1. For peptide A:137-145, compute the average count of partner chain beta-carbon atoms within 10 Å of each residue's beta-carbon.
2. Highest GNM mean-square fluctuation, chain A, Cα pairs closer than 10 Å: which of A:Met204, A:Met120, A:Met267?
3. Enumerate the calculated ³J(HN,Hα) couplings along the range A:234-244 in order (Karplus 6.51 cos²θ - 1.76 cosθ + 1.60, θ = phi - 60°), each rounded to whole Hz, writing x wherever the residue is Gly or Pro.
4. About its Cα centre, what dipole magnitude does the protein assembly as shown give when the only charges are +1 on Lys and Arg Cβ and -1 on Asp and Glu Cβ, stated in debye to the nearest 20?
5. Quick one: 3J(HN,Hα) in Hz for the range B:91-104, Karplus 6.51/-1.76/1.60 with θ = phi - 60°, rounded, Gly and Pro as x.
6. Tell me, what is the Rg over Rh of the protein assembly as shown, with Rh the Kirkwood radius over Cα pairs?
7. Determine the dipole magnitude for the range B:32-119: charges of +1 sit on the beta-carbon of Lys and Arg, -1 on that of Asp and Glu, nothing else is charged, the reference point is the Cα centre, and the result goes in debye to the nearest 20.
8. Most exposed first by the Cβ proxy, i.e. fewest other Cβ within 10 Å, how do A:Glu191, A:Glu72 rank?
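Just so it is clear, none of the values below were taken in a lab; they were calculated from the coordinates. Source: prediction; values computed, not measured. Cβ atoms come from the backbone with ideal geometry, glycine included; neighbour counts cover every protein chain shown.
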Amino acid sequence: MQRETRIANFVLGALTALSLLLLSLPLSTPVRSFKAGVGYLLDPLAYHGEAGYRRVAGSPERIRKLLQADIENESLRAELRRGEWLSTAVASLSLENERLRRALALRAPAGRFPVWVHVMERDPIHWYRSLVVDAGSDRGVSLNDSVLGPRDGRLVVVGRVIDVRQNTSTVLLLTDEFSSAAAYLSSGTLEGLVQGQDGPRLLMNYLHAEAHLSEGDLVYTSPTSVTFPPDVLIGRVVRVNSRHPFLTFQSVEVAPAADASSLQELMILRALPIEGEAKPPAYAEEAQ
Amino acid sequence: MIGFLRGLAIFIGAMFMQWWWNTHCSYWGAAPQFLLVLTILIAARRGPVLGMFAGFGWGLYLDVARAELFGASALTLTLVAYLVGVARRQIDLRAAGPLAAATFLFTWAGFIGLGLLGLIFTKTFEWSGWIAVTATPFLNAATVTVAALAWDAREDR
C-alpha cells in the first residue's frame, strides 16, 4: 500500500506538473504543437465516428426509400399490365361492337328463333369441319338447328348443330364432308345438293345434265331443305366441272360465302322456342 | 497483451462513446460524463495510478476540443482519480451506493475545479450552466452504477 501510495503521489505530481505546464504556458508554438499532436491522434475518432454515424444513420432512410421504390415499381408494373390488358380488351370489344352492330342490321329468316352466339373453340387441324359455340341447351339450342353467319351485311349458311351440351354446342360446318344441303343456282333455279369436301370448297352435285352452268352463279338454300331456311346464300360457283360421260348430272365447285377461319359470331336458328319465349321479331318478316 | 489491447479498446471506446453521446444524445447540455465516470470506476477498482493515467489521457482528449485551458480537463480527471484512490481506503467504493455518491460529489468537484482553473488561468470562472451542473451529477451517478454492475458481472464470470 505504501508503495502504491508513493507511486500514486509520484504520478500525480508528474501529471499535475505536466497539466499545469500546459495550462500556464501561453499557446506558444510548443504547446500548439503538442495540442496539434494530441488532436492528430484523437481527432480521427470523432471524424470517422461522424462519417460512420452518418452512413449508418442514413441507412434506414435509404432502405426505406429502396423498399418504397420497389413497392412503387411493382405497383406501376401491375398498373401497366392492367393498362395493356384494358387496351387490348377495349380494342377487342370495339371490334366485337362493330361486328355486332353490323349483325343487328341483319334479319333472321322467318319461322325460327334466332340466338346470337360466340365461337369459343375451333380445332385448327379440322378447320373446315366443326367449331364450338357458347350456347347450349340452356339457351334452347337443339340438334340440327341451322347455323348462319354474317357476311357483307347478309346472313350466309355456316352449318348445323350436331351436339348440344348444357352451355355449349358443336356446329358441323357445311364444308365438312358429312355436310350437305339442298340448294339452287341463282341463274336458273336449278336444284342440286351442296356437299362439303373437308376443304375450302364445296361441291354441288346432281345438277341437270343439260343445264348451262356458268361461274359466278350464286348458290342459295332450297325451300326443300329440311335443315336450312330457304334462300340463304351458300356461296358462289367458282368452277364448272367437265361433264362425265357416265354420269347423268353435272357438278360445280362452290366457294362458301362463310369463311370458317374468321367466324366469331353466329346465329343459331332454333326450331323450337324456350318455354315462355315471345315470338321472334323477324318471325313474320320476309326471308332474305 | 490481451489485457493491453482490451484496455486500449476501452480507452478508445470510451472516447468514442463520449463523443457520440455529446454529439447526438445530449439535451440542454446535460449528458453523462463517461470519461469522468470511467476514471472514477477505474480508480476505485484498479487503483489511482491506472485511473490517473487513464484520466489524464481522456482529459487531453477533452482538452483538444477546447479553445483555451489546454490541460484543465487532464488535470481535473487526474486529481479526481487520485482523490478516489485516497477515498477508497476510507470508503467501500466497491458497493454501488457509495460509488454513486462519490461520483455525484466528484462530478460537482470537477465542475468547480474546472471553474477555478478558468478563474486562475483566464480570469473567468468556467460555468457550464445550471442544467448541466444540476443534471449531470445524477446522470453520472446512474451511469457509474450501470458501469460498475457491468464491470462486476464481467469479473464474476
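1. Working: counts 0, 0, 0, 0, 0, 0, 0, 0, 0.
Taking all residues of A:137-145 together, the mean is 0.
2. Answer for the Gaussian network model of chain A: A:Met120.
3. The phi angles translate into 9, x, 9, 5, 10, 7, 9, 6, 5, 5, 8 Hz.
4. Charge dipole, the protein assembly as shown, about its Cα centre: 3140 debye, nearest 20.
5. Result, ordered by residue: 10, 7, 7, 6, 6, 5, x, x, 5, 5, 5, 4, 4, 4 Hz.
6. A ratio of 1.70.
7. Using Cβ point charges on Lys, Arg, Asp and Glu, the range B:32-119 gives about 320 debye.
8. On the way: A:Glu191 16, A:Glu72 10.
The most exposed by this proxy come first: A:Glu72, A:Glu191.
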